[in-house]
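To start, the structure under review is shown below, and the notes come after it.
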Amino acid sequence: MSSYLLFLILGLGSGATFAILGLGLVLKYRSGGVVDFAHGAVAMFIAYVFVNLRSQGVLPLPLIVVPDHIRISSTGIDTTLAIVISLVYAALLGAVLYFLIYRPLRFAAPLTRIAASVGVMLTFEAIGVLNFGTTSQTTPPILPTTPITIGSLTFPSDRIFFTGIVVVLAIALWLIYRFTRFGLATQAGAENDRGAALIGISANRVAAINYVIATVLAGAAGILIAPVANLDPTSYTLFIVPALGVALVGGFRSFWLVALAGILLGMGQSEIIKFQSQWTWFPHGDIPDALPFILIILTMTTRARSLLARGEAMTQRNPSVARPKNPMASAAFCLIAGTLIMLLLQGSLRNAFISSLTVVCIALSLVLLTGYVGQVSLAQMTFAGVGGFMLGHISHGWGLGFPFSLILAGLCAVPVGILVGLPALRLRGVNLAVVTLGAAFTADALIFNSQGFAGGLVGLPIKPPHLLGIDLSIAEGHDYPRLIFGIMVLVVVILMGLLVARLRRGAAGRMLLAVRSNERAAASVGINVPQAKLMAFGIAAFIAGIGGALTGYQQGTLTADGFATFASLGLLAVVYVAGIGRISGAVFAGIMMSSIGLAVTFLDERFGIGKYQTIVAGLALIVTAIANPDGVMSTTTGKGPAVLYFKLQDAVVARIHGTVTTKTPAAESEQPAEARPAVEQPHHV
Amino acid sequence: MTGLTPKMPLLDVRSLRVAYGGVVAVADVDVSVAEGEVFGLIGPNGAGKTSMIDALTGYQAPSGGSVNFDGRDITNMRAHRRARLGLARTFQSVELFDDLTVDENLLVASERAGVMLALRDLFLPARAPDRTNVDWAIDVCDLGGVVDRYPSEISHGQRKLVGVGRALAQKPRLVLMDEPAAGLDTDESLALGQRLRSLPDEHGVTVFLVDHDMSLVLAVCDRLMVLDFGHAIAQGSPAEIREDPRVLEAYLGSHGTPVATTAAGSGS
Ligand SMILES: Nc1ncnc2c1ncn2[C@@H]1O[C@H](COP(=O)(O)OP(=O)(O)OP(=O)(O)O)[C@@H](O)[C@H]1O
Ligand SMILES: [Mg+2]
């Protein structure tokens with residue numbers, strides 16, 4: 001019996017971390033409706049600041065290439081001092097992030113705000129990986145760990161301190177926000193800016209202070225957990241998932257509930273590990289990691305419909321959506337251009353181009369789902385992974401040949417897409433992003449980690465494609481990657497592009513865009529909104545599944561690393577930057593920006609700078625969200641290069657005209673047309 | 001309008017009650033709208049007019065009473081299914097699809113796209129969409145000049161008209177309009193009135209009109225009902241309503257001007 005209790009008590013360590021992270025998320029939300037996906041990443045970075053200060057006397061900076069640290073002392077410095085410096089550091093970081101990123105985006109569309117915070121998350125994770133490496137670090141305990149014995153139970157005393165800290169924090173926050181003028185101003189500011197002004201405190205300052213306190217809490221959580229759980233950039237960044245779950249239980253409001261939920265979650269996870277070791281019948285696999293997701297789903301579906309609705313009635317519009325002008329001509333052009341590129345390239349670059357094409361395919365699914373229908377999905381790679389691994393099972397076990405195996409693999413992803421889409425019937429915007437992130441995280445832990453489904457570390461072998469006696473496989477002897485394989489991939493991806501283009505131009509596209517624009521109005525014209533959303537999730541999952549299956553053919557033996565949560569986040573980043581409302585955005589993202597794509601591979605081979613892809617993508621995502629939500633490939637709106645080019649052209653033309661006739665009314669009358677929301681030619685099919 | 005055999009009402013509402021928590025917005029109201037009439041609903045701000053439309057069209061669950069449409073109980077039917085039965089509506093705040101052109105706004109309404117249509121559209125050979133109702137709605141609402149524009153590019157008055165056009169493009173049997181004339185100038189309002197008047201007689205669309213513009217409502221409607229604090233305080237022909245002392249006291253009396261406008265409006 002006592003050993004069960006012991007595991008519960010041991011779980012207090014991570015439980016306290018979740019609780020403190022959750023409390024920080026509540027503060028950030030209160031300070032202007034921010035749901036910050038970067039919260040865990042910041043905790044991770046501050047944890048590294050602390051560990052480096054303590055062990056080496058080095059102060060890491062959130063920079064790369066240029067000096068990324070300052071040496072304060074030649075040896076490590078005192079633990080208490082290190083903690084103080086780290087927390088001050090966190091406060092500064094919080095203020096900078098708030099004023100640079102979150103403040104300007106207060107009234108932005110949900111997708112824009114999600115994109116920005118995912119950008120911060122990716123950037124910090126990338127800095128972590130570049131500066132501190134991926135091998136996990138340990139640091140000696142901070143709190144006293146002298147064993148405590150109660151009855152037959154012996155456990156380290158730091159667990160008691162952890163719990164104490166959480167309780168003290170929760171009480172302190174509750175008192176501050178309940179009884180001080182600052183707390184009242186926060187409350188009022190949560191309603192609107194003027195509310196806070198009435199109390200006599202600048203809303204701007206209140207929100208900033210809240211954000212700073214939240215960031216300090218994130219730092220504290222990172223520092224506290226560092227001695228207990230091995231420190232590495234990825235897993236700490238993903239603490240955001242349990243933290244979000246915990247904050248949701250408290251409705252992003254109640255400090256008490258958040259603290260309690262955090263502690264219980266930590267204890268629950270720990271106890272499950274005990275169960276798994278104790279009882280053979282208890283399901284194996286990474287169930288503890290699935291627990292936060294279960295929490296998220298339960299609260300999301302049982303609570304009121306729009307948990308985080310504030311800020312959803314945004315004043316800024318969604319990214320623009322383009323209407324493909326002439327899909328068949330574009331497809332023909334892509335086929336010719338793609339084949340030429342394939343012919344020109346050899347070896348690793350040709351392989352990288354093929355990888356680009358698979359990314360384009362998955363990116364197309366995101367353009368459809370998030371661009372056209374406005375359903376933010378952070379789980380797109382999960383759908384791809386399901387398609388990829390199902391292809392392995394289909395091609396080997398079920399004896400089905402290409403192209404049926406490929407189509408069936410895509411179809412297998414459909415139910416998964418619909419399942420992940422189900423919460424979207426009640427949730428929108430950031431709520432949905434939270435759920436899909438949780439789903440991706442859980443799929444990592446449960447599905448892609450499993451020996452049976454995904455082949456474990458070795459991977460799952462996939463039978464090479466044959467069609468009508470023609471060998472389409474990627475390798476034959478030393479010929480790798482083969483041209484014919486590349487062309488097969490090219491054709492499939494172009495077909496998927498045509499599917500998306502056709503969807504956009506037809507009744508389906510109108511229906512989905514109507515849903516994105518206004519769900520109430522969509523219902524008023526007879527559109528079944530839930531059904532439309534599920535259809536979008538289903539089709540998107542199909543396209544992503546096909547993309548994953550193509551990756552499977554390409555790799556021969558498919559492993560799960562390409563489908564991890566961070567891959568989904570990275571995909572959102574590159575597609576958003578390139579232009580999430582247009583097919584050209586997917587193409588640009590896959591070829592020019594993806595970490596496994598052509599451009600990055602080329603730059604890496606030539607200049608060895610491929611490792612900077614994530615940080616560039618993360619930063620580009622932040623900048624795009626703030627400055628140009630329509631993306632690089634937008635030709636009519638925003639500040640993308642294409643728009644700049646056209647503006648420049650207009651200016652030059654006007655200048656030339658100007659030398660002939662002093663005033664050109666024609667050039668002036670074109671100005672309003674520039675401001676048109678994106679879409680291109682009027683249509684009459 | 002009154003024949004020898006009374007027609008079965010197209011819309012039949014019995015003791016409809018809408019409450020938000022403790023606030024009763026609509027208190028046990030009976031309404032019946034016959035096929036082929038223009039029925040008006042007026043009342044001061046906060047009287048419960050929008051709440052009533054919301055309850056009739058499935059946007060707000062009523063806390064009591066029943067709604068029958070064409071002999072069918074639709075009290076608990078979901079909004080999009082009511083729309084498919086032929087019960088269209090407009091919104092007080094217009095709510096167009098900002099990402100679609102005016103033409104597409106109407107087209108998407110006329111298509112009533114479901115998953116089956118969407119999938120057929122995706123995988124089977126292309127067919128030109130059926131534009132009959134769209135062209136009709138463009139014609140009725142005189143939207144020819146703005147079909148290729150986006151809602152953000154046209155005037156408020158035009159947006160209101162597009163809202164009406166979008167409801168009509170579904171070729172509904174009954175259209176409920178929430179203050180379609182609000183924000184329009186007198187000329188636009190008059191033109192709108194004429195169009196609405198022609199709907200039942202020429203196009204077979206019954207109209208349920210909510211508006212503040214007294215001259216419009218009194219000129220256009222066959223019958224009307226006055227709502228005050230959620231209660232139906234009067235019902236009858238425009239002439240009867242104009243005379244009704246309760247109405248004068250509760251509504252018109254507090255706004256002296258609308259009566260004057262009415263006289264001026266009907267005089268011109
Ligand atoms: N969602 C809601 N929650 C609580 N009360 C509401 C809600 N919507 C409306 N009310 C209240 O119900 C009453 C009726 O509102 P409603 O919008 O139906 O009036 P209305 O006649 O349409 O007014 P207006 O002429 O201003 O459009 C008002 O007192 C309003 O404050
Ligand atoms: Mg109203």
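Where a number appears in this text, it was derived from the coordinates with a stated rule and is not lab data. Please read all numbers here as calculations on a predicted model, not as lab measurements. Neighbour counts are summed over all protein chains in view; Cβ atoms, including those assigned to glycine, are modelled from backbone coordinates with ideal geometry.
Summary of computed values
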quantity	calculated
0 to 90° range, to nearest 10: angle between helix A:598-607 axis and chain A longest Cα axis	70 degrees
Dipole-positive endmost among A:Pro227, A:Leu369, A:Val600 within chain A (Cβ charges, Cα centre)	A:Leu369
Lys, Arg +1 and Asp, Glu -1 on Cβ, resulting dipole of the range B:96-171 about Cα centre, debye, nearest 20	240 debye
Alpha-carbon gyration tensor eigenvalues x 5, square-rooted, for the protein assembly as shown, Å	52, 37, 28
Under 13 Å, Cβ to Cβ, from A:Gly385 - net charge with Lys/Arg +1 and Asp/Glu -1	-2
All-pairs alpha carbon distance profile, the range B:96-171, 10 Å steps from 0, percent	21, 49, 24, 6
Low-density loop positions, trypsin sites (Lys or Arg not before Pro), the range B:89-151 - DSSP coil, at most 15 other Cβ in 10 Å	B:Arg127
Whole-angstrom Cα spans of the range A:501-619 along principal axes, big to small	56, 32, 24
At 1.567 mPa s and 4 °C, Stokes diffusion of chain B via Kirkwood alpha-carbon radius, µm² per second	67 µm²/s
Selection from A:Leu12, B:Leu190, B:Ile233, by position along the positive dipole direction of the protein assembly as shown (Cβ)	A:Leu12
Which of B:Leu218, B:Pro172, B:Ser93, positive extreme of dipole for chain B (C-beta unit charges)	B:Pro172
CD proxy at 222 nm, helix term only [per DSSP H run n ≥ 4: -39500 (n - 2.57); per residue of the protein assembly as shown; nearest 500]	-18000 deg cm²/dmol
Degrees, to the nearest 10: A:529-555 long Cα axis against longest axis of chain A	80 degrees
Sequence-distant aspartates and glutamates (8 or more away, or on other chains) whose Cα lies within less than 13 Å of A:Lys647	A:Glu668, A:Glu670, A:Glu674
Residue among B:Ala126, B:Ala182, B:Ala19 with the largest mean-square fluctuation in a Gaussian network model of chain B, springs linking Cα atoms under 10 Å	B:Ala126
Using θ = phi - 60° and Karplus 6.51 cos²θ - 1.76 cosθ + 1.60, couplings along the range A:470-480 (whole Hz; Gly, Pro as x)	8, 7, 9, 5, 6, 10, 9, x, 8, 6, 8
Residues with amide H under 5 Å from that of B:Ser63, placed H, sequence gap 5 or more	B:Arg17, B:Val18, B:Ala19
Tail beyond 33 Å, pair distance distribution of the range A:327-675 (Cα, percent)	29 percent
For A:Leu61, residues with placed amide H under 5 Å, excluding near neighbours	A:His69, A:Ile70
Normalised contact order of the range B:96-171, rounded percent, pairs of Cα under 8 Å and 6 or more residues apart	54 percent
Sequence-distant residues sharing a close amide H with B:Ala234 (under 5 Å, placed H)	B:Val226
Whole-Hz ³J(HN,Hα) from phi, Karplus 6.51 cos²θ - 1.76 cosθ + 1.60, for the range A:90-106, glycine and proline x	4, 4, 4, 4, x, 5, 4, 4, 4, 6, 7, 10, 6, 4, x, 9, 3
Dipole magnitude of chain B, debye to nearest 20 (Cβ charges: Lys/Arg +1, Asp/Glu -1, about Cα centre)	840 debye
Dipole magnitude of chain A, debye to nearest 20 (Cβ charges: Lys/Arg +1, Asp/Glu -1, about Cα centre)	1800 debye
Longest DSSP-loop-exposure-free segment, chymotrypsin sites (Phe, Trp or Tyr not before Pro), chain A, at most 15 other Cβ within 10 Å	A:399-685
Efficiency of FRET from Cβ geometry, B:Thr132 and A:Ala95, R₀ 35 Å, rounded to 0.05	0.05
Using alpha-carbon coordinates, inclination of helix A:404-421 to the longest axis of chain A, degrees	50 degrees
Karplus 3J(HN,Hα) series, Hz, for the range A:209-223 with 6.51 cos²θ - 1.76 cosθ + 1.60 (x for Gly, Pro)	5, 4, 5, 5, 4, 4, 5, 4, 4, 4, x, 4, 4, x, 5
Surface/4 of the Cα convex hull for the range A:319-408, nm²	7.9 nm²
